[in-house]
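Novice: First the structure, then my questions, so here it is.
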Amino acid sequence: MFMAALILMVSTGLFFFYIQAVCQKILRRQFSQEFFQSIVNANRLEFPSVRKAIEDLGAPVEYPRLLLTLKCDYLALTYLLKNAANVNQRYSYEERLLIVYFKVVFAGLVMCHWLKLRETPTALKLTLILEYFANVVGERVNTVRFGNLTASDYLLSL
Amino acid sequence: MPFKGDQLLLYGVQYATYALEVWVCVSLASSGRWRRLKGLGLYVASLILLDGVARPAISNFFGRESLQFYYFYWITDVVFALGAFLVICGFFRRACAQEDKMWKFVRLLLIFVFLVVLGVSTLSLTRHYTHLYDHFIIEFSQTLYFTCLVLNTLLYVMLQQLAIDDDELGLLVCGIGVQFAGEAACLALMHLTADNAMARVLIEFLAPGCTLAMLWIWVYAIGKTPQTVSSRQYQPGKNKGLVEAVAD
């Protein structure tokens, strides 16, 4: 009985650990260039400045602003993921997984604040996910072709 | 007789699992990766044959509630556990490809671990001789799955410690970890809540759900291993304005 309970606890913990590891592996994907910069500039996204503040000062901007910034960037990027140069107009499976991961980490950030723990590693993780989303959008817009049309031809034909 | 909602969902998960198993095999064959991943290919092929073909055939022939199906189900479960153990051994071999000394040590460790599992299960057999299938088979599967989970976690830690830059292997290990962790948790839950109907329903969904998750991660690992985007696809300068236009 005791062994079964122990196995249940350890297995459940490892299950979530591996899911997190898969998300981290997906986020490690290397892009041929920093596609996210154009998307950040065009949409005035703020997550790079949040990351810079964390890296330079070792602490994020004040908590309410941090939450709002990350939430707004997340909403903008998930909208772009679904609609910008996306033929199917839906998220891929890995994007869905990362969206769930973002929500869980975001909840973790709120928990860290309530429990008065360090928020910076969690905030950095969130900016990493947002950077991945921005890179995917940027890459998709740069590379997508609709049949024989380039992305610009396609947009002109709408 | 009309299907209930949960039955329909269960069938959906089952058929999605079969489809992904076939997809993994086809991806391995078409991409030529089966040469490097023979063990994995054989394991998935056995999943298709035993879980996708033989189990439904036995179920149709003898009935889902029959003793024959019950025996066959648990025996094939042991076969899957053994197959998974061999797949883990293959992953260890690949991780130690550059380290011959380490592989010699790991090989001995794997043999020792297998003998320990066999010994523990044989001890259990002498205690539960009268309930061979009720207790021994389930306990053997549970012990072997949990051992595989521990070994897989050791392998994951080893990959991190040795800084082996093999994203495909990393994702394959994570995939099998999800399956083992889920399966070990299901079996432990079954052990703890012997006749609880709610737990039984949960286990019915969890076990195929974990297999589905593992296969999805493997499909991603085989088909879309994180890699650099081809530079041929990108034309510098040409689409810069377009990025901003579309993003706006």
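The values are calculated or read from the model by the stated rules, or taken from the named source; none is laboratory data. As the structure is a computational prediction, the values presented were derived from the model and not from experiment. Reconstructed Cβ throughout: ideal geometry from the backbone, glycine too, with neighbour counts over all protein chains shown. These area figures cover heavy atoms from the full protein model, side chains too; ligands, DNA and RNA do not enter into them. Shrake-Rupley method; radii C 1.70, N 1.55, O 1.52, S 1.80 Å.
Novice: Answer with yes or no whether residue B:52 is open to solvent by 20 Å² or more (accessible area, probe 1.4 Å), touching a residue at least 12 places away in the same chain (Cβ under 8 Å) and farther than 21 Å from residue B:208 by Cα.
Specialist: no
Novice: If a residue has to be away from chain A (no Cβ under 14 Å) and open to solvent by 80 Å² or more (accessible area, probe 1.4 Å) to count, how many in region B:191-206 make the cut?
Specialist: Here the count works out to 4.
Novice: Sticking with this one: Contact list please: Cβ distance under 8 Å, first residue in region B:32-49 and under 19 Å from residue B:213 (Cβ atoms), second residue among the acidic types (Asp, Glu), pairs at least six apart or on different chains.
Specialist: B:44/B:21; B:47/B:21; B:48/B:21
Novice: Filter region A:80-98 down to residues that are open to solvent by 20 Å² or more (accessible area, probe 1.4 Å) and modelled with pLDDT of 90 or more and give me whichever is farthest from the other protein chains (Cβ to nearest Cβ).
Specialist: Applying the filter and picking the extreme gives A:96.
Novice: Restricting the search to region A:65-88, which residues are of a type in the set (Val, Ile, Thr), more than 12 Å from residue A:123 (Cβ to Cβ) and in a helix (DSSP H, G or I)?
Specialist: A:78
Novice: Is it true that some residue in region B:175-182 is assigned to a helix (DSSP H, G or I) and more than 16 Å from residue B:44 (Cα to Cα)?
Specialist: Yes, region B:175-182 contains a residue that is assigned to a helix (DSSP H, G or I) and more than 16 Å from residue B:44 (Cα to Cα).
Novice: Given (1) among the charged types (D, E, K, R); (2) in contact with a Gly (Cβ under 9 Å, 6 or more places away or on another chain); (3) at the interface with chain B (Cβ under 7 Å from one of its Cβ atoms), identify the lone condition not met by residue A:34.
Specialist: Result: residue A:34 fails condition (3) only.
Novice: Mind telling me which of the residues A:28, A:44 ends up being in contact with an Asp or Glu (Cβ under 8 Å, 6 or more places away or on another chain), surrounded by fewer than 18 Cβ atoms within 10 Å (Cβ to Cβ) and within 14 Å of another protein chain (Cβ to nearest Cβ)?
Specialist: A:28
Novice: Show the residue pairs that are 6+ apart or on different chains and have beta-carbon atoms under 7 Å apart, the first residue being within region A:126-142 and farther than 17 Å from residue A:88 by Cβ and in contact (Cβ under 8 Å) with a residue 40 or more places away in the chain, the second being in a helix (DSSP H, G or I) and among the acidic types (Asp, Glu).
Specialist: Qualifying pairs under 7 Å: A:130/A:73.
Novice: In region A:6-25, how many residues are within 7 Å of chain B (Cβ to nearest Cβ) and surrounded by fewer than 16 Cβ atoms within 10 Å (Cβ to Cβ)?
Specialist: 0
Novice: Let me ask you something else. Evaluate the following for residue B:69: is it under 29 Å from residue B:113 (Cα atoms) and open to solvent by less than 90 Å² (accessible area, probe 1.4 Å)?
Specialist: Spelling it out, it is not the case that residue B:69 is under 29 Å from residue B:113 (Cα atoms) and open to solvent by less than 90 Å² (accessible area, probe 1.4 Å).
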